[in-house]
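A quick write-up on the structure given underneath.
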Amino acid sequence: MILITGGAGFIGSHMCVALAEAGHRFLILDNFSNSARDVVGRIGALVGRAPLVAEGDVRDEALLDRLLAEHPVEAAIHFAGLKAVGESVREPLRYYRENIDGALALVAALGRAGVRRLVFSSSATVYAPTPAMPLDETAPLRATNPYGWTKLMIEQMLHDVARSDPAWSIACLRYFNPVGAHESGTLGEEPQGVPNNLAPYVAQVAAGQRPRLQVFGGDYPTPDGTGVRDYIHVMDLAEGHIAALRHLAGHAGVHTFNLGTGRGTSVLDLVRSFEAASGRPVPYDIVPRREGDVGECWADPARARDVLGWTARRGIAQMCADAWRWQQHRATLPS
Ligand code: NAD
Ligand code: UFG
């Protein structure tokens, strides 16, 4: 059984489906601070059985000890945490406290229970800003905001833990830009309030919920002047975790992988793909750059391909089609 912290969230909910497809049982631990309780029923409908769920905080060590005593957990995937870059700049202590304490509590409880296999959700935000693309795992590291620092600090902590006890096998997976939704359209991203990220914002403009997209910057040194990112379908991302879990079963130590496609897509490319997938216009204005943004960020995913045997399979058209299906389905759900 796999313990999946934050299993009700955007990536975690898709991970549950991928785990079930790969024949794993799973236990969700989530405090529903950034997810809806009804997602559990939708995961259950896709996997054909009601998921095991513990409602609580990953920082609650007594709860973790109880769960690990009651269930035959072989490995954990740690998604739970806070993830909004701008909010982390405004509320740094909350980010350090929640993200670092959550990881510390989980690793300590796993260690006590004798479970030494862990997959950690890291981010491409740990790479120092550079115009040199693509980024491989050896690129220089430096965060530019408190959220990113929590990811880097947790990676460092995991290296130190594995050095202290060679029985640990840990994967740090650095995600590029996860987008899309489950192809059924019944799971997807559910941002609270105004979306910070491009893909859910575009989806809401296409649906008529927001009038226009603001494109942050049209003067980057990129082919059309707008920012270029490595968008990865959330189901490809989830399948990357399955490959990482398999690898950890036979390899001790810390293993770091980029999970990206290796392809860059501009803001305007994504807008056009979304218009094609939805059949709806996405009006936009080009406005000044957003502070802290880089012009380009895309992965060299060769290490995950060579070592894990994993490659992202789904392209931008499918990411947009699945996100649009979810956008329409979401409108039918009780709010
Ligand atoms: P999400 O907010 O949708 O999911 C996180 C889940 O964790 C939510 O269900 C939330 O309720 C839960 N949670 C938060 N704090 C908790 C706590 N203290 N105890 C228990 N549950 C808690 O986020 P996501 O997009 O699915 O991201 C998952 C992980 O991937 C995060 O660690 C995030 O930093 C990382 N990541 C995400 C992206 C992205 O663009 N989505 C990119 C890189 C890395
Ligand atoms: N953008 C717009 N308008 C918007 C939102 C975004 O033009 O309303 C642009 C951005 O300027 C950027 C691109 O769309 O060029 C993507 O922006 P996102 O906010 O969707 O994603 P980021 O690359 O800025 O950051 C995301 C996550 C971070 C994570 C990073 C790398 O939000 O947490 O990917 O994984 F660290």
(request) Enumerate the calculated ³J(HN,Hα) couplings along the range 182-194 in order (Karplus 6.51 cos²θ - 1.76 cosθ + 1.60, θ = phi - 60°), each rounded to whole Hz, writing x wherever the residue is Gly or Pro. (result) 4, 5, 5, x, 9, 10, x, 7, 10, x, 8, x, 6
(message) Tell me whether the range 182-335 comes out rounded, prolate or oblate; compute the Cα gyration tensor, take square roots of the eigenvalues as a ≥ b ≥ c, and use a/c under 1.5 as the rounded threshold.
(response) oblate
(message) Could you tell me the center-to-center distance, by alpha carbons, between the range 234-257 and the range 45-95 in angstrom?
(response) 18
(request) Towards the positive end of the charge dipole of the chain, with charges on Cβ (+1 Lys, Arg; -1 Asp, Glu), say which of TYR201, GLY292, MET157 has the farthest Cα. (result) TYR201
(request) Would you mind working out the accessible area per residue for the chain, using a 1.4 Å probe, and quoting it in Å²? (result) 43
(request) Give me the number: length gained by fully extending ARG94 to ARG303, i.e. 0.36 nm times residue separation minus the C-alpha to C-alpha distance, one decimal in nm. (result) 71.9 nm
(request) Tally up the carbon and sulfur contribution to the accessible surface of the chain as a whole percent, 1.4 Å probe, everything protein left in place. (result) 51
(message) When 1/r is averaged over all different Cα pairs and the result inverted, which Kirkwood radius in Å belongs to the range 131-223?
(response) 17.3
(request) Keeping all protein chains in position, work out how much accessible area ASP160 exposes to a 1.4 Å probe, and write it in Å² to the nearest 10. (result) 70
(message) Report the Cα centroid-to-centroid distance between the range 191-208 and the range 129-146 in angstrom, as an integer.
(response) 27
(request) Specify, per residue and in Å³, the volume enclosed by the convex hull of the alpha carbon atoms belonging to the chain. (result) 124
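The values are calculated or read from the model by the stated rules, or taken from the named source; none is laboratory data. From a predicted model like this one, the values you see are computed outputs, not experimental measurements. Neighbour counts run over all protein chains shown; Cβ positions are idealised from the backbone, glycine included. All accessible areas refer to the heavy atoms of the entire protein, side chains included, with ligands and DNA or RNA removed. Shrake-Rupley method; radii C 1.70, N 1.55, O 1.52, S 1.80 Å.
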